[in-house]
Amino acid sequence: MKNIPIQPESTLSTASRWSWTSFTAVMIPALYCLGAFVFIAAQEQPANEADLAAGQQVAYVRYWAVLGDPSSQATYSLFATPDNPGGGDEKQEVFSGLKGSYRSGFGKDYSKVTPGKRRYTLVLDGDMQEKVAEVEHDFEKGSAYVLIAAFEHGKPVLNLIPEFPTEPEKDGIYIYNLLTEPALKVQIGNFEPEVVPSSVFLPLHIPAAKTGGSPVTLLYESKRKTQIRNAVRYDGHGRTTVVFMRDGYSRPAAFVYSANPVTD
């Protein structure tokens, strides 16, 4: 039988297959890199923008309470009741059985709540819970608030404070002294320290212009009568809130909070 020689593949066919193989080898990694880039870009979108977008759908609130001494027999509970008929929201417990101090919100870490009217009720615990204070407010979208529960003239009270946003002329440092002792003072630069009155409703306001870039320092005594100096960081813009209360060990302490839930 006559041998029929096998014809070599055409140069065009070989070149075409090489080109497709090369193209595939180049494009698959490129597409993988492009996908990875898109994923990373999505992950690296500024968190503040996401927070701002979320802030349009929620309101923010944090809670501070100084209600007696840890050795006290009396305890208190705080409840929030949204005014949202048919919305599914029911009475919520903020804290219960409290004696001593409580604080939520560290730095800008507010709790998120549904915008709209909310009623807060502070009760004295017992066989029959006794309502001792109540406050109601219409929470606006993107706004932030602080709710303080403390004693004023020997009686438990509630004070709800709008913190954000505020007008530029109201920028500055706001110091809430929730303790009758020890005495709290604040010093601006090298000026003579000023006493900060104890009040749930009347904070000491240091306007932004008054700081003038000078250091602001809080002065008070520890339980052992040692003077404590706490520096308050403030860059001259926005609102910074200081609360002087007791920590988890019932020691006097000053806590400094940014009054802005969605930006640094």
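On the basis of being surrounded by 16 or more Cβ atoms within 10 Å (Cβ to Cβ), assigned to a loop (DSSP other than H, G, I, E, B) and more than 19 Å from the chain's Cα centre (by Cα), does LEU122 make the cut? Taking the combined requirement at face value, the residue does not satisfy it. Of the residues that make up the range 111-122, is at least one closer than 23 Å to ALA253 by Cα and modelled with pLDDT under 95? Among the residues of the range 111-122, at least one is closer than 23 Å to ALA253 by Cα and modelled with pLDDT under 95, which makes the answer yes. With respect to the conditions (1) within 21 Å of SER104 (Cα to Cα); (2) among the hydrophobic types (A, V, I, L, M, F, W, C); (3) open to solvent by less than 50 Å² (accessible area, probe 1.4 Å); (4) outside any loop (DSSP other than H, G, I, E, B), VAL262 lacks only one, and its number is (4). Every test in (1) in a strand (DSSP E or B); (2) touching a residue at least 40 places away in the same chain (Cβ under 8 Å) is passed by ALA253 save one, and that test is (2). Pairing each residue of the range 140-157 that is in contact (Cβ under 8 Å) with a residue 24 or more places away in the chain and in a strand (DSSP E or B) with any residue that is open to solvent by 10 Å² or more (accessible area, probe 1.4 Å) and of a type in the set (D, E, K, R), provided the two are 6+ apart or on different chains, yields C-beta distances under 9 Å for ALA144/LYS108.
The set of residues from the range 67-91 being modelled with pLDDT of 85 or more, surrounded by fewer than 22 Cβ atoms within 10 Å (Cβ to Cβ) and farther than 19 Å from ARG118 by Cα comprises GLN73, ALA74, THR75.
The values are calculated or read from the model by the stated rules, or taken from the named source; none is laboratory data. Every value quoted in this text rests on a predicted model; they were computed, and no experiment measured them. A quick note on method: Cβ atoms are made from the backbone with ideal geometry, for glycine too, and the neighbour counts reach across all protein chains shown. Protein only, heavy atoms only, side chains kept; ligands, DNA and RNA dropped before computing areas. Shrake-Rupley method; radii C 1.70, N 1.55, O 1.52, S 1.80 Å.
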